[in-house]
Ligand SMILES: [Zn+2]
(Lines give C-alpha, C1' and ligand atoms only; values in the text may rest on other atoms or scores of the structure.)
Protein backbone atom coordinates (compact mmCIF):
# COMPACT_ATOMS: atom_id res chain seq x y z
CA UNK A 1 0.00 0.00 0.00
CA UNK A 2 1.31 3.41 -0.98
CA UNK A 3 1.64 6.06 1.67
CA UNK A 4 -0.82 8.89 1.16
CA UNK A 5 0.25 12.44 1.98
CA UNK A 6 -1.39 15.83 2.12
CA UNK A 7 -1.15 17.43 -1.31
CA UNK A 8 -1.22 14.15 -3.26
CA UNK A 9 -3.39 14.03 -6.35
CA UNK A 10 -5.31 10.78 -6.57
CA UNK A 11 -7.62 9.12 -9.06
CA UNK A 12 -10.66 7.29 -7.68
CA UNK A 13 -12.53 4.34 -9.18
CA UNK A 14 -15.85 6.17 -9.10
CA UNK A 15 -16.34 9.43 -10.93
CA UNK A 16 -17.76 12.35 -8.99
CA UNK A 17 -21.15 13.58 -10.30
CA UNK A 18 -19.33 16.63 -11.71
CA UNK A 19 -17.41 14.32 -14.06
CA UNK A 20 -13.98 14.49 -12.43
CA UNK A 21 -12.28 11.48 -10.87
CA UNK A 22 -9.18 13.34 -9.65
CA UNK A 23 -8.96 14.58 -6.07
CA UNK A 24 -6.39 16.41 -3.97
CA UNK A 25 -5.73 15.18 -0.44
CA UNK A 26 -5.97 17.89 2.19
CA UNK A 27 -6.11 15.89 5.36
CA UNK A 28 -4.66 12.54 6.43
CA UNK A 29 -5.73 10.92 9.66
CA UNK A 30 -8.25 8.32 10.72
CA UNK A 31 -10.26 9.83 7.88
CA UNK A 32 -8.89 10.95 4.55
CA UNK A 33 -10.04 14.40 3.46
CA UNK A 34 -9.99 15.16 -0.22
CA UNK A 35 -11.10 17.95 -2.54
CA UNK A 36 -12.56 17.36 -5.98
CA UNK A 37 -10.51 19.05 -8.70
CA UNK A 38 -13.64 19.43 -10.82
CA UNK A 39 -16.00 21.24 -8.46
CA UNK A 40 -13.93 21.94 -5.30
CA UNK A 41 -16.27 19.90 -3.11
CA UNK A 42 -14.61 18.42 -0.03
CA UNK A 43 -15.37 15.00 1.37
CA UNK A 44 -14.09 12.87 4.23
CA UNK A 45 -13.66 9.14 3.77
CA UNK A 46 -12.77 6.58 6.40
CA UNK A 47 -9.36 5.16 5.55
CA UNK A 48 -10.57 1.64 4.60
CA UNK A 49 -13.21 3.15 2.31
CA UNK A 50 -10.64 5.44 0.75
CA UNK A 51 -8.23 2.55 0.17
CA UNK A 52 -10.97 0.58 -1.54
CA UNK A 53 -11.96 3.42 -3.86
CA UNK A 54 -8.44 4.57 -4.68
CA UNK A 55 -7.41 3.77 -8.23
CA UNK A 56 -3.98 5.37 -8.33
CA UNK A 57 -1.85 8.13 -6.92
CA UNK A 58 -1.09 10.56 -9.73
CA UNK A 59 1.52 12.68 -8.03
CA UNK A 60 2.20 15.34 -5.48
CA UNK A 61 0.91 18.87 -5.83
CA UNK A 62 3.09 21.19 -3.79
CA UNK A 63 0.62 24.03 -4.13
CA UNK A 64 -1.84 22.16 -1.96
CA UNK A 65 0.69 20.70 0.46
CA UNK A 66 0.25 23.12 3.31
CA UNK A 67 -3.49 23.46 3.13
CA UNK A 68 -5.52 22.62 6.19
ZN1 LIG B 1 -16.66 17.09 -8.26
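The values are calculated or read from the model by the stated rules, or taken from the named source; none is laboratory data. Fair warning: this is a prediction, and the values are worked out from it, not measured in the lab. Every residue, glycine among them, receives a Cβ derived from its backbone with ideal geometry; neighbour counts consider all protein chains shown.
Look at segment 20-32 and say how many of its residues are farther than 21 Å from residue 60 by Cβ and surrounded by 11 or more Cβ atoms within 10 Å (Cβ to Cβ).
Here the count works out to 0.
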List every residue pair whose Cβ atoms lie under 9 Å apart, where the two residues are 6 or more positions apart in sequence or sit on different chains, the first residue falls within segment 1-29 and is closer than 17 Å to residue 40 by Cβ and touching a residue at least 60 places away in the same chain (Cβ under 8 Å), and the second residue, located anywhere, is more than 13 Å from the ligand (Cβ to nearest atom) and assigned to a strand (DSSP E or B). 6/25; 6/26; 6/27; 6/28; 6/33; 7/25; 7/26; 7/60
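Condition check ((1) in a loop (DSSP other than H, G, I, E, B); (2) at pLDDT below 95; (3) loosely packed, with under 15 Cβ neighbours inside 10 Å; (4) within 15 Å of the ligand (Cβ to nearest atom)) across all residues:
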| position | (1), (2), (3), (4) |
| --- | --- |
| 2 | yes, yes, yes, no |
| 14 | yes, yes, yes, yes |
| 18 | yes, no, yes, yes |
| 34 | no, no, no, yes |
| 45 | no, no, no, yes |
| 49 | no, no, yes, no |
| 52 | no, no, yes, no |
| 59 | no, yes, yes, no |
| 66 | yes, yes, yes, no |
If we keep just the residues of segment 21-30 that are assigned to a strand (DSSP E or B) and out of contact with any helix residue (DSSP H, G or I) (no Cβ under 7 Å at 6 or more places or on another chain), which is farthest from the ligand (Cβ to nearest atom)? 28
Residue 40: passes all of (1) at pLDDT below 95; (2) more than 11 Å from the chain's Cα centre (by Cα) but (1)
